[in-house]
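Just below is one structure, and these are the notes that go with it.
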Amino acid sequence: MSPLKIKKGSTGHSAYDLRPSYSDTVERHTLAVLVENEPGVLARVIGLFAGRGYNIESLTVAEVDHQGHRSRITIVTTGTPQIIIQIKAQLGRIIDVHKVNDLTVEGPSVERELGLFKVAGKGEQRVEALRLADIFRANVVDSTLESFVFEITGTPEKIDAFADLMRPLGLQEVARTGVAALSRGAV
Amino acid sequence: MSKTMTGARMVVQALIDQGVEVVFGYPGGAVLPIYDELFQQNQIKHVLVRHEQAAVHAAEGYARSTGKPGVALVTSGPGATNAVTGLTDALMDSIPIIVLTGQVPTFMIGSDAFQEADTVGITRPCTKHNWLVKDTEKLAATLHEAFHIALSGRPGPVLIDIPKDVQFATGTYTEARQVETHYNPQVKGDLAMITELAKAMETAKRPIFYTGGGVINSGPAASQLLRELVAATGFPITSTLMGLGAYPASGDNWLGMLGMHGLYEANMAMHDCDLMINIGARFDDRITGRIDAFSPRSKKAHIDIDASSINKVVHADFPILGDVAHVLEDLLNVWKARGRKTNTEGLAKWWGQIKEWRAVDCLKFTQQGKVIKPQYALQRLEALTKKHDRYICTEVGQHQMWAAQYLGFEDPNRWMTSGGLGTMGYGFPASIGVQMAHPDALVINVAGEASWLMNMQELGTAMQYRLPVKQFILNNERLGMVRQWQELLHGERYSSSWSESLPDFVKLAEAFGAKGILCSDPDTLDDAIMEMLTHKGPVLFDCLVEKHENCFPMIPSGKPHNEMLLGDASTKDAIQAGGAVLV
Ligand SMILES: Cc1ncc(C[n+]2csc(CCOP(=O)(O)OP(=O)(O)O)c2C)c(N)n1
Ligand SMILES: [Mg+2]
């Protein structure tokens, strides 16, 4: 008496497989999230991304207003336009979130990241590393006879490029802060 | 004029100041100071449940049936983890509840102390907001803020975790009016967009109101305005499971519930409309079916208090962020001021089409022979209780869908069901919460035998507090909804979907001192229901029904609305009515 025309045993009709294929142009957005500096607020933000399956490319957080008890979380995320809109709306729902700014769409902004690079080598390699560091305006913040630690600031792309160049020259360790970003011009 | 008191006393004081009348809870080591304070006062009643999950569902039932927040109090560790299902349920259905949990003393947090659990960590994703209060000075303010957050914007559950030393320590009590909060969600909708919607309403040929739980949550004014709007425009209206009662089932424009087990006319109208006005619903997958085939030719308005609901699943042509009552008031005013216009010719044709769909009579069934059909049981329950001041709860399964189909709801806050989470075991404790709020009303929980067993221990609570809740079990000796899916989608392989070793429900009731009624004969059903209704105390009604009845109509998962199955109900008539879309 089965009135269904669905193939028996088929699982291709799961209730949860309902999403249409959205436009799949994935965009990269930098979000500035001003939050109450409360315990757990970072866990809420990260939990939101994990729980709903959103991407985090980079995340930085620090208190920016001690008196006002505010921290600023800068998140670089990727997703289709619909997902990006959802991410912002979902962030806005968190009670401890005061403001969400999408720096990617709200006009020009500057993005900077700081990287520390430990490069070990001797002779020609060492000279070459130092020469490239100079071109990239990286500072030497530690040196031994066999190694340097370079400090470099710039856009994530610049730091990526520096990493690519250092790799064959004895790159041993990298530490990066993640992106900090501000809109250009007066508020 | 500051008042100094212990943290435990603050908890009770804040509850009193917030107008709380009843707390559902279960004591344990980490909340003893609060229980001690509850003992020494008589403004707040405490209902001792038999399991913390039930405390939270009871608080939900209380909240859904009153519009006021429900409160639950549980101990640390297992008390808190037992509350998780209720919290998630309340989050999914936007129910304002406040859950207070005890916690090990602050100096022991993180040491894996006895009955320590990371309660705020565990409940972060299943609360609207939660707090661990480490300082008695901040406790009262946090409690007041918790009520504010639970109730404002899109309502939801909040949790406050209170370490035992914070309960013992003394601090200054902060009054509610002294508390500042930055959380004040926008309630007024954008007038320009509301005007655009009013214009679209003037010309629409095939409009429909699609309403949801947001109308109920917005308060009685929202339901009132909705009724006015429907009457004034003459548009048809359907509702989600969560929104039943906002518009009366006896109303002329009522199409019945929509969605996976919604009515044929409601789903067909949703599919074919040219203007869909979503009021406080969220395009849930049980409603939309296959998204890319969902109401393909309509412009869609979406009124919602939660920005993240708008454009989440379905693109809104008229997105309106705001509280339903506020937006409906403006919408009515704008539409009236513009001359109360509708496309009368289009509407007349639209209603003509709807009448054809209605003629399919998709809920038709025939009661024959000696076995009670579940639909018949509900039809009789409806007939015999309609005139009562009646509140209906349900568990989850086929019986829940049949209850939504065959019972009529005339007012908001009369229908308590677990929609978003679909929590078996919700209905019985919810009915206890409802009965606490409405001691003289008729409170019925339409249950499946399997769901009901999930929180059956609450029979003790019902007896202790003399709560005359009626447990109306449609006993098909099956996990009926699971069995239905297995029949339709898994080659009739009934893997673990029958209820074996069921208790004798009459004896079970009697073991608790309650009344049990068994009915298996359609001819004695009315008398048995009347016996249930006239009995003064809790009743466990074991209604043995047809074991293999399927719940129709049904939109199979992943199918569009117009590929709805009517099962054996009215297939023949449907084809006569020109519904070539039917199976
Ligand atoms: C806590 C929980 N576990 C499992 C399920 C999955 N489930 C949905 S309906 C159902 C069967 C319910 O059986 P019963 O309460 O007898 O209701 P019926 O469908 O037979 O009317 C099950 C197991 C659920 N919804 N909730
Ligand atoms: Mg059953």
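The values are calculated or read from the model by the stated rules, or taken from the named source; none is laboratory data. What you are looking at is a predicted structure, and each value in this text was computed from that prediction instead of being measured. Methodologically, a virtual Cβ is constructed for each residue, glycine included, from the backbone with ideal geometry; neighbour enumeration extends over all protein chains shown. Remember, those area values only see protein heavy atoms, side chains included, never the ligands or the DNA or RNA. Shrake-Rupley method; radii C 1.70, N 1.55, O 1.52, S 1.80 Å.
Some notes on this structure:
- Couplings 3J(HN,Hα) of region A:30-42, computed from phi: 10, 10, 10, 10, 8, 10, 5, 7, 10, x, x, 5, 5 Hz, in residue order, whole Hz [Karplus 6.51 cos²θ - 1.76 cosθ + 1.60, θ = phi - 60°; x for Gly and Pro].
- Rolling a 1.4 Å probe over the protein chains gives A:Arg176 an accessible area of about 100 Å².
- Modelled label reach - A:Arg112, point 7 Å along Cα→Cβ, region A:123-158 residues with backbone N closer than 11 Å: A:153-155
- By the Cα gyration tensor, region B:374-544 has an equivalent ellipsoid whose semi-axes, rounded to whole angstrom, run 24, 18, 16 from largest to smallest.
- Simple label model, 7 Å out from Cα along Cβ direction - B:Ala348 to A:Val105, nm: 4.5
- Projected onto their three principal axes, the Cα atoms of region B:203-329 cover extents of 35, 31, 30 Å, largest first.
- A straight Cα-to-Cα reach below 25 Å connects B:Lys507 with the lysines B:Lys370, B:Lys373, B:Lys470, B:Lys515, B:Lys536, B:Lys547, residues fewer than 8 places away in its own chain not being considered.
- Rounded, prolate or oblate (a/c below 1.5 giving rounded, otherwise prolate when a/b exceeds b/c) for chain B by Cα gyration tensor: oblate
- DSSP bridge pairs, region B:374-544: antiparallel proportion in percent, nearest 5: 5
- Dipole magnitude for region B:3-178: about 360 debye, using +1 per Lys or Arg Cβ and -1 per Asp or Glu Cβ, origin at the Cα centre.
- Pairwise Cα distances in the protein assembly as shown exceed 49 Å for 25 percent of all pairs.
- Average beta carbon contacts from partner chains per residue of B:153-159, 10 Å cutoff: 1
- Kirkwood Rh, Cα atoms: Rg over Rh of chain A: 1.15
- Förster-model FRET efficiency, 22 Å R0, B:Val187 and B:Ala231, C-beta, rounded to 0.05: 0.35
- Antiparallel bridge percentage (DSSP; both residues within region B:191-359; nearest 5): 0
- Neighbouring Cβ atoms from other chains, within 10 Å of the Cβ of residues in A:38-46, number 2 on average.
- Pairwise inverse Cα distances across region B:86-137, averaged and inverted, put the Kirkwood hydrodynamic radius at 12.3 Å.
- Of all DSSP bridge pairs formed entirely within the protein assembly as shown, close to 45 percent run antiparallel.
- When only Cα pairs below 8 angstrom with a gap of at least 6 residues are kept, chain B shows a relative contact order of 14 percent.
- For B:Lys3, the lysines whose Cα falls under 18 Å of its own Cα, not counting residues fewer than eight places away in the same chain, are B:Lys138.
- Within straight-line cross-link reach of B:Lys300, lysines at Cα separation under 30 Å, skipping those fewer than 8 residues along the same chain: A:Lys88, A:Lys99, B:Lys128, B:Lys188, B:Lys199, B:Lys205, B:Lys312, B:Lys336, B:Lys341, B:Lys349, B:Lys355, B:Lys559
- Environment charge of B:Met276, counting only residues whose C-beta is closer than 11 Å and scoring Lys/Arg +1, Asp/Glu -1: +1
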